[in-house]
Amino acid sequence: MLAQYYFLPRGRYLLLLFSFLLSCGGTDQKEVELSIPQRVNELMAKMTLKEKIGQMNQYNGFWNVTGPSPKEGNAKEKYDHLAQGLVGSMLNVRGAREVRAVQEIAVNKSRLGIPLIIGFDLIHGYKTISPIPLAESASWDLEAIRNSAALGAKEASAAGINWTFAPMVDITRDARWGRVMEGAGEDPYLGSVIASARVKGFQGDDLSSPNSVAACAKHFAAYGFAESGKDYNTVDIGESTLHNIVLPPFKAASDAGVRTFMNAFNELNGIPATADKILQRDILKRDWGFDGFIVSDWGSLKEMIVHGYARDNNHAGELALNGGSDMDMESYIYLSELESLVEEGRVTMAQIDDAVRRILTVKYELGLFDDPFRYCDTTREKEITGAHEIRAGALDMAKKSIVLLKNNNAVLPLKREGQTIALIGPLAADKNSPLGNWRIAGENNSAISVLEGMRKYGANTIIHEQGVKLVNEIPAFHREVNINTTDKSGIKAAKNIAKNADVVVMVLGEYGFQSGEGRSRSKLDLPGFQQELLEEVYAVNKNIILVLMNGRPLVLNWADEHLPAIVEAWHLGTESGNAIAEVLYGDYNPSGKLPMSFPRSVGQMPLYYNYKNTGRPGAKGADAGSVFWSHYGDEKNVPLYPFGFGLSYTEFEYSEITLSKPELTRGTKIEASVTLTNRGVVKGKEVVQMYIRDHYASVTRPVRELKDFELVELAPGESQQIIFEITPETLQFYSANKKWESEPGTFSLFIGTNSATTRSAHFELE
Ligand code: BGC
């Protein structure tokens, strides 16, 4: 049948059905408008079983446009599969020219010419790198986060990408886990609103716009709960934690219209997530009505054999499809096994059709059938890559991500001139670490360093010494890395420049590849000789401003006890040094708040503010001094810096809370208000946070839970009333009835500057 498609706005299409008209004996062309489901059905009617299975198969990039890469033994086979229509998607093919090359094989050589969907880990920017997601989350600025994702999508889509494996929405309570850098931190509410902002940023209002990419909520589910923070480790959590803590950000992503999900490497309570039918088929696809598709994680079908769950490849294919995985990333299992599994009746044709329908639908939505090369315009790629708008967005996001942890006696901001500043540390002039992990397309050494930023923004004399050397060379992505652990010969020179300096700025932390996938740590200190360097320099000059670059919470007790100022600058991306300099000089007043608690000791892991009270939360009265309560004998229970913590160059004052009424009835609301006043001399932003405690319930509730927040900017002396609305829905949780509901009872409400605030009010729910 001859068919020609024309693209019309809002996903409607025109199909000219010549053969239909011929069969009716007519000679005029008749226009019939088909919806995406109709177009998918038409196409599927033409597909063989093998071609359908091909759509469920995803390969990693293998094709150098100049010829098959000799490094890849199976390049020829992959090429043939593309040409035979046996590949639905590729990942890690990037660049307009390269994507066009593989797309041409799929579209021009295969029988039905179905375009590929091109996936890529666009985690925090494409070539222009924005802050790591954990850092962006510290902004609590949903519009900035949405915009950052949108700019990343713009740059990546110009390079041929039309699908990102982001956002990672895993809740992370254990800083030992390297992938905390990829998420929004420990809180399900903050994680949910950020998940939604990121999905909307990547996908835009119209998926078929060439500037947007399909998003992917990952890793479904509970990957962040790896035992002891060790990547890929076993996850064993109860139903209440799963529903109340882990799933909400996934649900938010689904509600925001995310088009794909990725399952996970981990097993959850004995079942590998890749084959988890309850998660994927029951909760996600049935209860939440998710109509996009689920991709496996890299090779996770095959890993089910190693987990001890699948007998062999064939069994793994059966388990994965029955479990609800629609696309196989790099296990090569669906392609080799599904045909025989259908014949033997161990998976059904209906399951295959459902998976293929989901995949093709997203391809239609992306506009790939209307123009498979719409993301492959090299002129557009040149214009957009590194464009001013994208750099400016990265700088804006970087400034908003910085958290001021300590600032005694207003030592910050720095004077702009007339000072000698000793800039010390392995990361101070480093142009690589600020890019962080997961920046596959980013050029090595392309970040603005702190040294460059400081020289640009101020007129001070800046002298620099590394003190402790960095790693010798940029390590390969898959290697262990550390800050140099064998050579401390530079400490002396660092002390020498510190001695006579007015101020010392020390840039310490983790090398850019020390967090991320496979980068779990058993210690949360400053790696290598950095602590020693810090203490040695302190011995000659106490006026130290510590700037941290890291992908996870660290233990900073010594620094907190001794230093006047600490600035948490994470891995902030391409514009790092500029953002840090603007904050240090006070051109930008920091407003970030921690999205994860910072521990006092690694032994406190996992650490989170929304813990349960237990039956023995403290020893009081006659029992004071007793050991029989939930605590450590050698460390406090509380973190060094709590969730939601962050200072400003100005001072904010909160009034007491006013409640509109003391009792909440069904169908009504309570308004809780505070007045916030800027008591300082500079303009500043504050994240006003509202927490609630449900004192007794059918399933015990945390000591407090974030329920809402507002980012407020005030001029010096200005006041604003902030009003939060509480309805019975605000108080819902996954109850003993196995559903989301609120239960009558007593509640406390807290409004303040971080999760440890004590300003409270109380009300009843009828
Ligand atoms: C990670 C995923 C990622 C995939 C593709 C896996 O190792 O767990 O998050 O999207 O690789 O790069």
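If K127 satisfies every condition in (1) of a type outside the set (A, V, I, L, M, F, W, C); (2) buried (at least 24 other Cβ atoms within 10 Å of the Cβ); (3) farther than 30 Å from F709 by Cα but one, which is the exception?
Against the list (1) of a type outside the set (A, V, I, L, M, F, W, C); (2) buried (at least 24 other Cβ atoms within 10 Å of the Cβ); (3) farther than 30 Å from F709 by Cα, K127 comes up short only on (2).
Give the residues of segment 97-135 that are of a type in the set (K, R) and not in a loop (DSSP other than H, G, I, E, B), sorted by residue number.
Hits for segment 97-135 are R97, R100, K109.
Yes/no per residue for (1) modelled with pLDDT under 95; (2) within 14 Å of the ligand (Cβ to nearest atom); (3) under 18 Å from the mean Cα position of the chain (by Cα):
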position	(1), (2), (3)
N211	no, no, no
A217	no, yes, yes
T234	no, no, no
I245	no, no, yes
A252	no, no, yes
G257	no, no, yes
T260	no, yes, yes
E267	no, no, no
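Out of all the residues in segment 303-319, which are within 16 Å of the ligand (Cβ to nearest atom) and in contact (Cβ under 8 Å) with a residue 40 or more places away in the chain?
Hit for segment 303-319 is H307, nothing else.
Mind telling me which of the residues I462, I448 ends up being in a strand (DSSP E or B) and crowded, with 17+ Cβ neighbours inside 10 Å?
Values: I448 fails: in a strand (DSSP E or B).
From the options I462, I448, the qualifying one is I462.
Hey, among I123, I129, I145, I114, which residue is at pLDDT 95 or above, out of contact with any strand residue (DSSP E or B) (no Cβ under 6 Å at 6 or more places or on another chain) and within 16 Å of the ligand (Cβ to nearest atom)?
On the way: I129 fails: within 16 Å of the ligand (Cβ to nearest atom); I145 fails: within 16 Å of the ligand (Cβ to nearest atom); I114 fails: within 16 Å of the ligand (Cβ to nearest atom).
Matching residue, one of I123, I129, I145, I114: I123.
Hey, could you check segment 343-360 for residues that are touching a residue at least 24 places away in the same chain (Cβ under 8 Å) and either touching a Phe, Trp or Tyr at 6+ places or on another chain (Cβ under 8 Å) or outside any helix (DSSP H, G or I) (or both) and say which is surrounded by the fewest Cβ atoms within 10 Å (Cβ to Cβ)?
For segment 343-360, the residue satisfying everything is R346.
Find the residue count for segment 520-553, including only residues that are of a type in the set (G, A, S), open to solvent by less than 40 Å² (accessible area, probe 1.4 Å) and over 25 Å from K399 (Cβ atoms). Can you show your working first?
Within segment 520-553, the first condition is being of a type in the set (G, A, S), and the residues that meet it are 520, 522, 528, 539, 551.
From what's left, open to solvent by less than 40 Å² (accessible area, probe 1.4 Å): 528, 551.
Still in the list and also over 25 Å from K399 (Cβ atoms): 528.
The qualifying residues number 1.
Test W177 against the criterion of being within 13 Å of the ligand (Cβ to nearest atom), open to solvent by less than 10 Å² (accessible area, probe 1.4 Å) and touching a residue at least 12 places away in the same chain (Cβ under 8 Å), and give yes or no. Steps first, answer last, please.
Details: within 13 Å of the ligand (Cβ to nearest atom): yes; open to solvent by less than 10 Å² (accessible area, probe 1.4 Å): yes; touching a residue at least 12 places away in the same chain (Cβ under 8 Å): yes.
So W177 passes the test.
Being more than 16 Å from the ligand (Cβ to nearest atom) and either among the basic types (K, R) or buried (at least 17 other Cβ atoms within 10 Å of the Cβ) (or both) narrows it down to one residue among S401, S340, S325; which is it?
Numbers: S340 fails: either among the basic types (K, R) or buried (at least 17 other Cβ atoms within 10 Å of the Cβ) (or both); S325 fails: more than 16 Å from the ligand (Cβ to nearest atom).
Testing whether each residue is more than 16 Å from the ligand (Cβ to nearest atom) and either among the basic types (K, R) or buried (at least 17 other Cβ atoms within 10 Å of the Cβ) (or both) leaves just S401.
So, in segment 632-673, how many residues would count as being touching a Lys or Arg at 6+ places or on another chain (Cβ under 9 Å), crowded, with 21+ Cβ neighbours inside 10 Å and hydrophobic (A, V, I, L, M, F, W, C)?
Residues in segment 632-673 being touching a Lys or Arg at 6+ places or on another chain (Cβ under 9 Å), crowded, with 21+ Cβ neighbours inside 10 Å and hydrophobic (A, V, I, L, M, F, W, C): 5 in total.
For segment 194-209, name all the residues that are away from the ligand (no atom under 16 Å from the Cβ) and either basic (K, R) or out of contact with any helix residue (DSSP H, G or I) (no Cβ under 9 Å at 6 or more places or on another chain) (or both).
K200, D205
Looking at segment 361-379, which of its residues are outside any loop (DSSP other than H, G, I, E, B) and touching a Pro at 6+ places or on another chain (Cβ under 8 Å)?
Within segment 361-379, T361, K363 meet the criteria.
Residue check, K523 against (1) in a helix (DSSP H, G or I); (2) over 17 Å from A428 (Cβ atoms), all met but one. Which one?
(1)
So which residues in segment 244-256 are crowded, with 16+ Cβ neighbours inside 10 Å and closer than 26 Å to F202 by Cβ, if there are any at all? Before you say what the answer is, go through the steps one by one.
Filtering segment 244-256 down to residues crowded, with 16+ Cβ neighbours inside 10 Å leaves 244-254, 256.
Residues satisfying the conditions are I245, V246, L247, P248, P249, F250, K251, A252, A253, S254, A256.
Would you call E239 open to solvent by 20 Å² or more (accessible area, probe 1.4 Å) and within 16 Å of the ligand (Cβ to nearest atom)?
no
From the list G191, G160, which residue is at positive phi, open to solvent by less than 10 Å² (accessible area, probe 1.4 Å) and either assigned to a loop (DSSP other than H, G, I, E, B) or away from the ligand (no atom under 16 Å from the Cβ) (or both)?
Details: G191 fails: at positive phi.
Checking each option against the conditions leaves just G160.
Can you pull out the residues in segment 269-301 that are within 15 Å of the ligand (Cβ to nearest atom), farther than 21 Å from I118 by Cβ and outside any helix (DSSP H, G or I)?
Matches in segment 269-301: P272 only.
The values are calculated or read from the model by the stated rules, or taken from the named source; none is laboratory data. Because the structure is predicted, anything quoted here is derived from the model rather than measured. Because the Cβ atoms are built from the backbone with ideal geometry, glycine has one as well, and the counts that use them run over all protein chains shown. For the accessible areas, the whole protein counts, side chains as well, though only heavy atoms, and no ligand, DNA or RNA atoms are used. Shrake-Rupley method; radii C 1.70, N 1.55, O 1.52, S 1.80 Å.
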